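First up is the structure itself, then whatever we jot down about it.
The values are calculated or read from the model by the stated rules, or taken from the named source; none is laboratory data. Worth saying up front: this structure is predicted, and the values here are computed from it rather than measured. As a convention, Cβ positions derive from the backbone with ideal geometry for all residues, glycine included, and neighbour counts pool all protein chains shown.
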Amino acid sequence: MRKILFTILCVAGLLVAGCSDPNEGKMFAALEEESVASYLEKDGNFSEWVAMLKEADLYNAMTVRGNLTCFVPTDEAVAAYKQQLGREMSKEDVLYLVRYHTLFGYKLLSNALKNGRLVDSTAAGNYLITRFSSDGSLYVNDVARVIERDVVTVNGIIHVLDRVIEPVYETLWDLVRENSDFSIFAAALEVTGINDLIDRITYTGGVRYWGTLFAVSDEVYNKAGISSLEALQTLLEGGSDPRESSDPLYRYVAYHVLSGFYTFSDLTTLPSAVKERNIETLAKGYLLNFKEERGYLYVNDTISLLHTDLQARNGVLHEASGYMPLYNPRAVVFELEFTDPDYYPQYTRLTLLRNMALAGTTTGGESESLTLEDYPFMRLVTIPEGSGSLTYNIRAHWPAYDCWYGDVLYVNLGYVGSFEFDLPTIVKGKYRVSIHHQWITGTGACQVLMDDKIIGEMDCTSSAGGTTYVGFVRKTIGSITFTENASHILSFVSLRSGSLPVDRIIFEPID
């Protein structure tokens, strides 16, 4: 098991890191069955791509056992790309291009693809977006058509492209400032300093940054009677320091930014019965409402999206049909997964672990102890100190039990302990609170508090007569009323020692 995992990590390192392959030809033991590399070399239609793999020192990495999804352009497509580029490609260019077309950790057949971003980022650290046209054709990033699907090899799946997927180097800020149609919005981003936030690639500490930006064109502003940045400030009654988070202009611009990578497909993936959701924005205490009605997606009831899924190196941009002033959305069902990387980007550290478990690369799933210093939105206090723990667990079969992402957070409070978890902004209102958790014998029990107010108890021990595993259950804890749009602190206080394996928390509005 350790040897297999070591080999997998070596391959991942070569794909993601910028190191060369000093032991070319002898570092890896090639597979006897047909690998991605051997198939491409034997076929004869991919000589340009094979040459790039070798130049990037990644050919050997494509010969060992693993899970790869490779989008591979034909020789004709590569030749057209080079001609369009109009210059010689450096080794760094080649390496980035090959990584941009490769996913590690998954063997994705076409029936696993959907309209929207792929389940994970490429080896270059970017997301690809797939789309099925009305005639059933499959496109990647809306430019490359898949002309042959599902070529199966022992270590990966190959999808053949008629064009090279041109890598995206621009940030979200680049997309706005380089487009003259967004001059007013660009000026507002710059004067508030939010341009710096959407120009970054990582957070402090190296965690990958992803953002979603709703841009407003000059044409939309002009239709609303706004002809300049000054006119926008006057309308919003902006103060003297637009870089202050309390300033009306700052709040307005921040209201157009979401943390996380939300494609149009992500935004339209709504609870089947509700068809509506609220998502926290960068403006503290303010959320955007997304509602599906008669097959259309509306933002804040009246705004549609004119252009969607304009990709950047650090996120995705959508163009709004209205200028999107601040809006107070109604309370709707809110379900928060305790390990959601969109709300808590620190969880991107676990991407490789998640990939291997869900792809079945390792048997029995994966687990990893979490260090609180790496996850500042969680706090654990136990007596004696150090007697508790936090563990991330993921199993490939858990989604069958309605476990989102197939993973849970195991909270061990010891005999005496408490655990705090920071929740994002929730719209004011009265809610029924439920927790979806694993139901196992020998687990713990706790009181559940919200902002230090007890709302109920949770017991994760099975009552199924000694059955050691009975899946997951959703338990109603109690009800609570929030008097304002605000973030909150969820707390678990131990009543009986043992782990609390929690999946997600659900807030349902009560009329």
Got a number for residues in the stretch 129-157 being surrounded by 18 or more Cβ atoms within 10 Å (Cβ to Cβ) and within 24 Å of Val64 (Cα to Cα)? 4
Looking at the stretch 30-114, what helices (runs of 4 or more DSSP H) fall wholly within it and have at least 3 residues that are out of contact with any helix residue (DSSP H, G or I) (no Cβ under 8 Å at 6 or more places or on another chain) and over 30 Å from Glu366 (Cβ atoms)? 75-85
Determine whether Glu219 is in a loop (DSSP other than H, G, I, E, B) and either modelled with pLDDT of 95 or more or among the charged types (D, E, K, R) (or both). no
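For every residue, the table says whether it meets (1) crowded, with 17+ Cβ neighbours inside 10 Å; (2) among the basic types (Lys, Arg).
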| site | (1), (2) |
| --- | --- |
| Cys403 | yes, no |
| Val408 | yes, no |
| Gly414 | yes, no |
| Asp422 | no, no |
| Ser434 | yes, no |
| Gln447 | no, no |
| Lys453 | no, yes |
| Ser479 | no, no |
| Ser487 | no, no |
Answer from Ser304, Ser240, Ser265 - the residue that is touching a Ser or Thr at 6+ places or on another chain (Cβ under 6 Å) and polar (S, T, N, Q): Ser304
Just one listed residue, out of Leu113, Leu108, is in the same structural domain as Glu48 (by TED's automatic domain parsing) and surrounded by fewer than 21 Cβ atoms within 10 Å (Cβ to Cβ), and it is Leu113
Exactly one condition in (1) over 30 Å from Ser228 (Cα atoms); (2) part of a loop (DSSP other than H, G, I, E, B) is false for Arg145; which is it? (2)
Test result for Gly414, farther than 18 Å from Gly442 by Cα, part of a loop (DSSP other than H, G, I, E, B) and out of contact with any Lys or Arg (no Cβ under 8 Å at 6 or more places or on another chain): no
List the pairs whose first member sits in the stretch 148-163 and is closer than 11 Å to Ser110 by Cβ, whose second member is surrounded by fewer than 17 Cβ atoms within 10 Å (Cβ to Cβ) and of a type in the set (Ser, Thr, Tyr), and whose Cβ atoms are under 9 Å apart, counting only residues at least 6 apart or on separate chains? Arg149/Ser110; Asp150/Ser110; Ile157/Ser110; His159/Ser110
Of the criteria (1) loosely packed, with under 14 Cβ neighbours inside 10 Å; (2) within 26 Å of Ile394 (Cβ to Cβ); (3) modelled with pLDDT under 85, which one Arg496 fails: (3)
Could you go through the stretch 239-259 and let me know if any residue there is under 23 Å from Pro509 (Cα atoms), not β-branched (Val, Ile, Thr) and not in a strand (DSSP E or B). no
Given the criteria part of a helix (DSSP H, G or I), in contact with a helix residue (DSSP H, G or I) (Cβ under 9 Å, 6 or more places away or on another chain) and not assigned by TED's automatic domain parsing to the domain that holds Tyr262, does Asp150 qualify? no
Can you name the residue in the stretch 291-319 that is small (Gly, Ala, Ser) and either touching an Asp or Glu at 6+ places or on another chain (Cβ under 9 Å) or crowded, with 21+ Cβ neighbours inside 10 Å (or both) and is also nearest to Asn179 (Cα to Cα) among such residues? Ala312
Tell me which of these Glu230 doesn't satisfy, since it passes every other one: (1) acidic (Asp, Glu); (2) in contact with a strand residue (DSSP E or B) (Cβ under 7 Å, 6 or more places away or on another chain); (3) exposed (fewer than 14 other Cβ atoms within 10 Å of the Cβ). (2)
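So that you can scan it fast, the table gives a plain yes or no per residue for (1) among the charged types (D, E, K, R); (2) at pLDDT below 85; (3) more than 17 Å from Arg163 (Cβ to Cβ):
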position	(1), (2), (3)
Met27	no, yes, yes
Glu41	yes, no, yes
Trp49	no, no, no
Leu53	no, no, yes
Ala61	no, no, yes
Val78	no, no, no
Ser90	no, no, yes
Is it the case that some residue within the stretch 181-193 is in a helix (DSSP H, G or I), small (Gly, Ala, Ser) and farther than 30 Å from Thr348 by Cβ? yes
